[in-house]
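The block underneath contains the structure these notes are about, expressed in structure tokens.
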Amino acid sequence: TPAEASAPVPDDTALHTWRAARRAEVRARSLAGAAKTLADPEAASARFGLLVIPVDFADHRLPAGWDPAGLAPRLTAVDGQSLRHYFNVASAGRCEVVPILAPLVRLPGIARDYSDIGLNGFTRSRRLAALAIEAVAAAGFDLRAADLDGPDGRAGTADDDGWVDGVLILHADPGQENDAANGLIQALQYYLDPPFAAEGITAGPYATASLASGPGIWAHETAHLLGMEDRYDPLLPPDPGGGSGAGDLAGAGGLGVFSLMAAGALGTGGGWGPSLPDAYSRALLGWCDVVTIASSPAEGDT
């Protein structure tokens, strides 16, 4: 609509400030988990609850009888190309992403009703996220199951902060990450303003990706929820040979295939066989040990 087309530009400063704070939280918990692991191999790593909400649309309905439980292997398997296994490897076991699968939400509108194409990249995705979270809560699903960021790593305990750690919405549109010409929903990460709050729990940060995407796309958006930033060059146009059209994977250049946060999210195609995060991003989150190698006082440190 004209009103949406003239919507204000997203406040990226607020988004990057939030990501920096989230990185600091994840880093502190990951380093604490690494220290505990060294002292006690049985100690739990830092945990991060990820509320995963499958969504379809009036013009992209999933088959009758579609069961969200079918997503479980791609989300929680302890090996192979699952989201849980990816972050276990990427973090060297220091941070456990725990997907919490919600019921399917059937939204009444068509996919274009929730598409940010031609807008500012967040206007309608916020509507998509808000409706999905509201529907899950209205169905009686306990959102507190995805609040795991307290020291004990368990939901529903006194050390939780009262916020869903992160929300990943997996939708039935092909997604622009898979079909630049016909995909309507962009893969991206943003936050609700105001956040959703009910029954003593609040949800704000969310990400969107297509159900048709491979684990690299899901991991890229989830990594934003953990505080990682993009490592491509956002000022360059999309790479015609990169297989990605728009949204959060629209950039080219930068670290290319050598980082999850750049073209490495696409992996061998469609998000399968993704790259690990780059070393700098892993270091920021406390997922690797950093050693400063001194050469000489005159040459400085490397």
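The values are calculated or read from the model by the stated rules, or taken from the named source; none is laboratory data. Everything numeric here is computed off the predicted structure, so don't read it as measured data. Note: ideal-geometry Cβ built from the backbone for every residue, glycine included; neighbour counts use all protein chains shown. Side chains included, ligands, DNA and RNA excluded: accessible areas come from the protein's heavy atoms. Shrake-Rupley method; radii C 1.70, N 1.55, O 1.52, S 1.80 Å.
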Problem set entry | Carbon + sulfur, % of accessible area of the chain - ligands and nucleic acids excluded, 1.4 Å | 59 percent
Exercise. What nm value, rounded to one decimal, do you get for the distance between residue 79 and residue 182 when each label is placed 7 Å out toward the C-beta?
Worked result: 3.8 nm
For this session: Sort 63-74, 257-268 for me by packing, meaning the mean count of neighbouring Cβ atoms within 10 Å per residue, highest on top.
Result: 257-268, 63-74
For this session: Report the percentage of all Cα-Cα pairs in segment 85-234 whose separation exceeds 28 Å, rounded to a whole percent.
Result: 19 percent
Problem set entry | Stretch gain in nm, segment residue 292-residue 20, where the contour uses 0.36 nm per residue and the Cα spacing is subtracted | 95.6 nm
Problem set entry | segment 56-211 - charge dipole about Cα centre, Lys and Arg +1 at Cβ, Asp and Glu -1, debye rounded to 20 | 360 debye
Exercise. With θ set to phi - 60° and the Karplus curve 6.51 cos²θ - 1.76 cosθ + 1.60, what are the ³J(HN,Hα) couplings of segment 270-286 in order, to the nearest whole Hz, using x for Gly and Pro?
Worked result: x, x, 8, x, x, 6, 6, x, 5, 4, 4, 5, 5, 5, 4, 8, x
For this session: Show the residues, 5+ positions off or on another chain, whose built amide H is closer than 5 Å to the amide H of residue 47.
Result: 96
For this session: Based on alpha-carbon positions alone, could you give the equivalent ellipsoid semi-axes of segment 28-159 from the gyration tensor, as √(5λ), descending, whole Å?
Result: 33, 16, 15
Exercise. When the Kirkwood radius is taken over all Cα pairs of the chain, what Stokes-Einstein diffusion coefficient follows at 25 °C and 0.890 mPa s, in µm²/s?
Worked result: 125 µm²/s
Exercise. About the Cα centre of the chain, what is the dipole size in debye to 20, counting +1 per Lys and Arg Cβ and -1 per Asp and Glu Cβ, all else neutral?
Worked result: 280 debye
Problem set entry | Cα→Cβ-extended label distance, 7 Å offset, between residue 72 and residue 35, nm | 3.7 nm
Exercise. Tell me, what is the percent relative contact order of the chain, built from C-alpha pairs under 8 Å that lie six or more residues apart?
Worked result: 19 percent
